[in-house]
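Engineer: Got a structure for you, written out below as structure tokens; questions coming shortly.
The values are calculated or read from the model by the stated rules, or taken from the named source; none is laboratory data. Values in this document were obtained by computation on a predicted structure and should not be read as measured data. When we count neighbours, we look across all protein chains shown, and the Cβ atoms used for this are built from the backbone with ideal geometry, even at glycine.
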Amino acid sequence: MKKSQYAVETKNLSIGWGGVNVLNQLNFELYSGEKLAIVGPSGSGKSTILKILAGLILPTKGEFSIFGEKQTYLRLDQNNPPDVRLVFQNPALLGSLTIEENVGFLLKRNKNISKKLIHEIVNGCLAEVGLFNVNNKLPNELSGGMQKRVSFARALIRDQTLNTMTKPLLLFDEPTAGLDPIASSRIEDLINKTNEKANGSSIVVSHVLSTIERTSDKVLMLYGGKFRWSGSIDEFKKSNDPYVFQFRNGKLDGPMQPKDI
């Protein structure tokens, strides 16, 4: 695999449905080891970017590379897909499988890994997110917060069948949406811890200010299918750019109008 300073690089990335441009010629780079937040109002296409990067959908125009390799196929169509780990807004656990089976799902594809070793790896990942003695429980036996932590433990699992020459790309889709401030802080700590343990690069999609400020180095503002602003997290906190100012302060007056949001 070709080495690259970029975990992600896009060129005129676009996607549309029914004649509507959801994303319109987006260009950005994510350096290896960098932490990026993509922000903007609901429905602006933030989660669509993550789905493209995760190989769940393909852009209609433009191109993108992950770890220096151009991506032209869906993830399931690739023989050796990049190590991209998506943490969904909802835990997305398989209800018929135990917690151990959910977390260790990828490991079971490798016939060279024993059940004992899978058990040890899963236990270690669960311990990293503060969960113990839950291996044999089903998802519906855990609280919503515990299920969320299970999804982070799953993100710590490295797919043993993938190329190991690159660090993982971690994608977090609205990880603190609908949570109270205390629960949000716990999840934000988990995002940082997961990224540190996986030694990866990360993109967090969020509209929660505390999550943006605590989990990112750089911010991109998305609205109307285009990036309207980019800068460091410190610049984001202080910027008087009309898009950033309106978003940060929850103002009705500004370039982002309710009829468009």
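Engineer: Output the residues belonging to the range 140-159 that are assigned to a helix (DSSP H, G or I), closer than 22 Å to ASP189 by Cα and not charged (D, E, K, R).
Structural biologist: Correct list: GLY144, GLY145, MET146, GLN147, VAL150, SER151, PHE152, ALA153, ALA155.
Engineer: Where residues in the range 61-91 are touching a Ser or Thr at 6+ places or on another chain (Cβ under 6 Å) and assigned to a loop (DSSP other than H, G, I, E, B), which of them is farthest from LEU169 (Cα to Cα)?
Structural biologist: Among them, the one singled out is PRO91.
Engineer: Oh, and also: Starting from residues that are part of a loop (DSSP other than H, G, I, E, B) and out of contact with any Pro (no Cβ under 7 Å at 6 or more places or on another chain), keep the ones in the range 92-107 and report whichever is farthest from LEU56 (Cα to Cα).
Structural biologist: THR98
Engineer: Ok, one more. Kindly indicate the residue of the range 72-130 that is outside the structural domain of ASP189 (by TED's automatic domain parsing) and aromatic (Phe, Trp, Tyr) and also farthest from the chain's Cα centre (by Cα) among those meeting that condition.
Structural biologist: Only one residue fits best here, namely PHE105.
Engineer: Applying the selection to the range 229-256, what residues are among the aliphatic types (A, V, I, L, M) and free of Cβ contacts under 8 Å to residues at least 40 places away in the same chain?
Structural biologist: Once the filter is applied, which keeps residues that are among the aliphatic types (A, V, I, L, M) and free of Cβ contacts under 8 Å to residues at least 40 places away in the same chain, the range 229-256 yields VAL244, LEU252.
Engineer: Take the residues in the range 211-256 that are of a type in the set (S, T, N, Q) and not in a strand (DSSP E or B); name whichever of them is nearest to LEU36 (Cα to Cα).
Structural biologist: For the range 211-256, the residue satisfying everything is SER216.
Engineer: Starting from the range 22-37, keep only residues that are assigned to a strand (DSSP E or B), then list their pairs with residues that are surrounded by fewer than 16 Cβ atoms within 10 Å (Cβ to Cβ) and of a type in the set (Asp, Glu) whose Cβ atoms are within a distance under 8 Å, requiring at least 6 positions of separation or different chains.
Structural biologist: LYS35/ASP217; LEU36/ASP217
Engineer: Only residues that are among the β-branched types (Val, Ile, Thr) and either surrounded by fewer than 19 Cβ atoms within 10 Å (Cβ to Cβ) or not assigned by TED's automatic domain parsing to the domain that holds PRO175 (or both): list them for the range 200-250, please.
Structural biologist: Hit for the range 200-250 is ILE233, nothing else.
Engineer: Also, I was wondering about something else. Among the residues of the range 169-182, which ones are farther than 21 Å from LYS197 by Cα and either in contact with a helix residue (DSSP H, G or I) (Cβ under 8 Å, 6 or more places away or on another chain) or among the aliphatic types (A, V, I, L, M) (or both)? Outline the logic, then answer.
Structural biologist: Within the range 169-182, the subset farther than 21 Å from LYS197 by Cα is 177-182.
Within the range 169-182, ALA177, LEU179, PRO181, ILE182 qualify.
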